[in-house]
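Reading through the structure tokens given below for one structure.
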Amino acid sequence: QVQLVESGGGLVQAGESLRLSCVVSRSIFSFNRMGWYRQAPGKQRELVAHITSGGSTHYTDSVKGRFTISKDNAESTVYLQMNSLNPEDTAVYYCNVVAKYVWYWGQGTQVTVSS
């Protein structure tokens with residue numbers, strides 16, 4: 001079983017930054033894609049960003065230019081650098097990795113942005 005442990009969430013003011021980390025219990029070389037999703041109260045979970053095993057990245061429009069996803073293969077860790085945060089970014093952020101057709105999720109980390 002694969003375990004994902006997120007960290008780095010917290011309460012910040014608008015305009016500030018946070019860096020989320022996701023440590024994966026096995027080598028991330030075995031995954032086709034790694035990403036971050038978020039779910040705000042009363043809303044569906046949505047993709048924030050993902051990165052492929054080859055390093056290609058994709059971002060949802062609302063975070064382009066503000067968020068950066070990256071990975072450290074040696075540390076089996078996926079990061080999400082979030083800059084210029086705004087209250088609309090408030091949500092629980094979930095790490096996700098995909099191996100062929102199997103999806104794995106972390107427990108989530110809360111990000112709250114005050115205005």
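The packing ranking of peptides 4-11, 74-81, highest mean first, is 74-81, 4-11, where packing means the average number of other beta carbon atoms within 10 angstrom of each residue.
Taking Cα centre as origin and charging only the Cβ of basic (Lys, Arg, +1) and acidic (Asp, Glu, -1) residues, the dipole magnitude of the chain rounds to 300 debye. For the stretch 58-115 versus the stretch 10-47, the inter-centroid distance based on Cα atoms is 2 Å.
Taking loop as defined by DSSP and a crowding limit of 14 other beta carbons within 10 Å, which trypsin sites (Lys or Arg not before Pro) in the stretch 1-46 fit?
Sparse-neighbourhood loop trypsin sites (Lys or Arg not before Pro): 26, 43.
For the chain, the share of accessible area belonging to carbon and sulfur comes to 47 percent (1.4 Å probe, ligands and nucleic acids excluded).
Think of the chain as having a plus end and a minus end, set by charges on the Cβ of Lys, Arg, Asp and Glu; of 18, 92, 114, 92 sits farthest toward the positive end of this dipole. For the options 96, 73, 83, a Gaussian network treatment of the chain with springs between C-alpha atoms closer than 10 Å singles out 73 as fluctuating the most. 3J(HN,Hα) along the stretch 100-109, derived from phi through the Karplus expression 6.51 cos²θ - 1.76 cosθ + 1.60 where θ = phi - 60°, amounts to 6, 10, 9, 10, 10, 10, x, 7, x, 9 Hz, with x in place of Gly and Pro.
The values are calculated or read from the model by the stated rules, or taken from the named source; none is laboratory data. All of these numbers come straight from a predicted model, not from anything done at the bench. Reconstructed Cβ throughout: ideal geometry from the backbone, glycine too, with neighbour counts over all protein chains shown. Quick note on the areas: whole protein, heavy atoms, side chains included, nothing else; ligands and nucleic acids left out. Shrake-Rupley method; radii C 1.70, N 1.55, O 1.52, S 1.80 Å.
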